[in-house]
Amino acid sequence: MNPIPIWQEKLSPGEWLRGGALSVLYVALFPFLMAWVQRNAWEELPVAESNVVYYLVSVLLGFVLFSGLWKRNLDRLFSCPGKNLKSIAAALVAWIALDVLVRQIPLPVRNPNESGYALEYLLSPGATGMIVVVLMPIVEELLFRGLLFGGVRRYSRGAAYLLSMGLFALYCVWQFVFSYGRMDLRYLLLAVQYLPAGILLAWCYERGGSLWSAVLLHMAINGLTLLRIVAG
């Protein structure tokens, strides 16, 4: 028996509500809370190690609050493993090509993630790898693909792609606009670097049919990105 396609599955009001609450916690509250803890700790806490707590709490909340959604998508993964693996492979090849092209676009600012991840990896390679390659993809795929794309896809395919891709790209760069003591809107242009990943993660989820395929693709993308940054 084939599983219900993601665009036919309707998220419950409770799932929408829990998703909104988790989004606020993940995007707005937890980062400021961890920054406060770092500033007020008796001894200075390493950034990477303290951020592991932030991401781990987010992932655990995601599994607890959306256990049914994760189980349904695990069933889809096991029911069509070949289709999901092919989707991951095709999307990864496409991302590699598009990422090379997009990084050739001249922008007025440099991506702070490049130097930030390089420094964090130098100081705490294990914690940085755990955050970037494992924890971050799980919680972000739940929010941007499982809830946002999956919820909107039932009503409009185009809107689902535009919202999940656009909000994901903005999420990756919005904090830089206010990070240097003044508002600098030029950092929003860095969102273009995240558009290929945004659209291909949504495509992988839709094509393969399981959110876990998008999670695995996101892990591969982040792993290759971290490898490029560290090697460079």
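Some notes on this structure:
- Leading residue by the ranking (farthest from residue 149 (Cα to Cα)) among those in the stretch 178-194 that are more than 12 Å from the chain's Cα centre (by Cα) and buried (at least 16 other Cβ atoms within 10 Å of the Cβ): 187
- Residue that is nearest to residue 196 (Cα to Cα), among those in the stretch 117-171 that are open to solvent by less than 20 Å² (accessible area, probe 1.4 Å) and without any contact (Cβ under 8 Å) to a residue 40 or more places away in the chain: 169
- Scanning the stretch 195-222 for residues that are under 18 Å from residue 100 (Cα atoms), under 11 Å from the mean Cα position of the chain (by Cα) and of a type in the set (Val, Ile, Thr) gives a single hit, 221.
Condition check ((1) at pLDDT below 95; (2) outside any helix (DSSP H, G or I); (3) touching a Ser or Thr at 6+ places or on another chain (Cβ under 7 Å); (4) of a type outside the set (A, V, I, L, M)) across all residues:
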{"residue": "135", "(1), (2), (3), (4)": "no, no, no, no"}
{"residue": "161", "(1), (2), (3), (4)": "no, no, no, yes"}
{"residue": "171", "(1), (2), (3), (4)": "yes, no, no, yes"}
{"residue": "190", "(1), (2), (3), (4)": "no, no, no, no"}
{"residue": "214", "(1), (2), (3), (4)": "no, no, no, no"}
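- Taken together, 162, 143 contain a single residue that is closer than 17 Å to residue 15 by Cβ and either under 12 Å from the mean Cα position of the chain (by Cα) or not aromatic (Phe, Trp, Tyr) (or both), which is 143.
- Boolean, residue 59 is at pLDDT 90 or above, open to solvent by less than 50 Å² (accessible area, probe 1.4 Å) and not in a helix (DSSP H, G or I): no
The values are calculated or read from the model by the stated rules, or taken from the named source; none is laboratory data. All values reported here derive from a predicted model rather than from experimental measurement. Please note: Cβ atoms are built from the backbone with ideal geometry, for glycine as well, and neighbour counts cover all protein chains shown. Remember, those area values only see protein heavy atoms, side chains included, never the ligands or the DNA or RNA. Shrake-Rupley method; radii C 1.70, N 1.55, O 1.52, S 1.80 Å.
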